[in-house]
Amino acid sequence: MRQDQIDDQVFELYDEYCHGHIDRREFFRRAGQLTIATAAALAMAQALVPNYAHAQEIMFTDERIKATWVDYPSPGGTSGQMRGYLVAPAGEGPFPSVLVMHENRGLNPYVKDVARRFAVAGFLALAPDGLAPIGGYPGNDDDGRTMQKTLDQAKLRQDMLNSALYVKSHELSNNKLGATGFCWGGGTTNFLATEMGDALNAGAPFYGSAAASDQVPKIKAAIQVHYAEEDKRVNAMRPDFEAALKSAGVDYEMHIYEGTRHGFHNYSTPRYHAEAAQLAWERMVAFFQAHLA
């Protein structure tokens with residue numbers, strides 16, 4: 001089912017569901033009560049659930065990359081240890097490094113594929129699994145979302161910070177670091193920018209919560225922000241964020257993609273917008289190439 005075949009009311013319910021405000025059962029129950037035809041509404045709701053068979057642009061066996069799992073210390077994090085999916089270009093390196101952070105449900109197949117795409121583009125990419133200390137991504141987003149909600153958020157962010165430091169100092173890294181993420185990972189990209197100072201060279205958050213205005217002056221990285229046009233919750237933060245970035249003299253750019261919704265880069269659901277996702281990807285890769293070379 002295409003995005004233009006799904007009613008706005010169903011999209012709004014899905015936004016509540018994917019952000020953990022309602023569970024899967026409640027999502028389908030409310031969809032079935034909408035004033036549009038019940039059967040159609042339920043079909044729309046079902047179509048929005050991720051299909052990860054569609055989230056494999058680059059296979060892990062691709063000869064252009066080397067993909068492996070790595071374990072590393074994470075002092076101050078959930079357990080003191082972390083696990084991530086490390087993907088390097090074929091070759092000796094060194095390569096510019098990029099941290100790729102997942103949404104609010106752990107390291108699912110879509111985010112792993114993004115890491116592989118970065119490696120094909122010439123970057124050493126690490127996609128940490130924030131759920132690793134409590135068993136790892138469970139194989140479905142519903143359980144992953146529930147698991148991530150149980151974590152101490154400060155410790156989870158520390159795990160992401162330690163992951164950033166790990167990939168930046170990796171033997172295959174050129175010691176330049178970029179960070180990106182989607183939804184929760186987008187907000188955490190902004191958080192890392194305030195926490196890491198000049199240890200982070202560039203950040204490219206996708207539809208994530210803005211950094212607190214009083215923390216923005218701590219940002220030393222170049223920032224490239226990607227927004228969906230139809231994303232009221234996140235976009236409400238944009239004016240204050242932009243004003244703070246300007247006031248602090250941060251090197252930044254912001255892009256709003258017409259006709260898109262929250263999650264438009266994720267090609268496993270009908271929220272995916274192919275043209276916007278490709279443009280955002282090209283902009284981000286060029287941005288990282290310019291700041292991490």
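The values are calculated or read from the model by the stated rules, or taken from the named source; none is laboratory data. Predicted model, so just to flag it, every value in this text is computed and none were measured. Just the protein is used for accessible areas: all its heavy atoms, side chains included, with ligands, DNA and RNA removed. Shrake-Rupley method; radii C 1.70, N 1.55, O 1.52, S 1.80 Å.
Checking the a/c ratio against 1.5 first, then a/b against b/c, what shape does the Cα gyration tensor give for segment 65-292?
Note, shape of segment 65-292 comes out rounded.
By how many nm would the segment from Trp281 to Ala248 lengthen if fully extended, with 0.36 nm per residue of separation less the alpha-carbon distance?
9.2 nm
Quick one: of Lys112/Lys246; Lys168/Lys246; Lys149/Lys218; Lys112/Lys176, which pairs are farther than 31 Å apart, Cα to Cα?
Among Lys112/Lys246; Lys168/Lys246; Lys149/Lys218; Lys112/Lys176, the Cα-Cα distance tops 31 Å for Lys112/Lys246.
Tell me, what is the per residue accessible area of segment 128-248 in Å², probe radius 1.4 Å?
I get 39 Å² per residue for this part.
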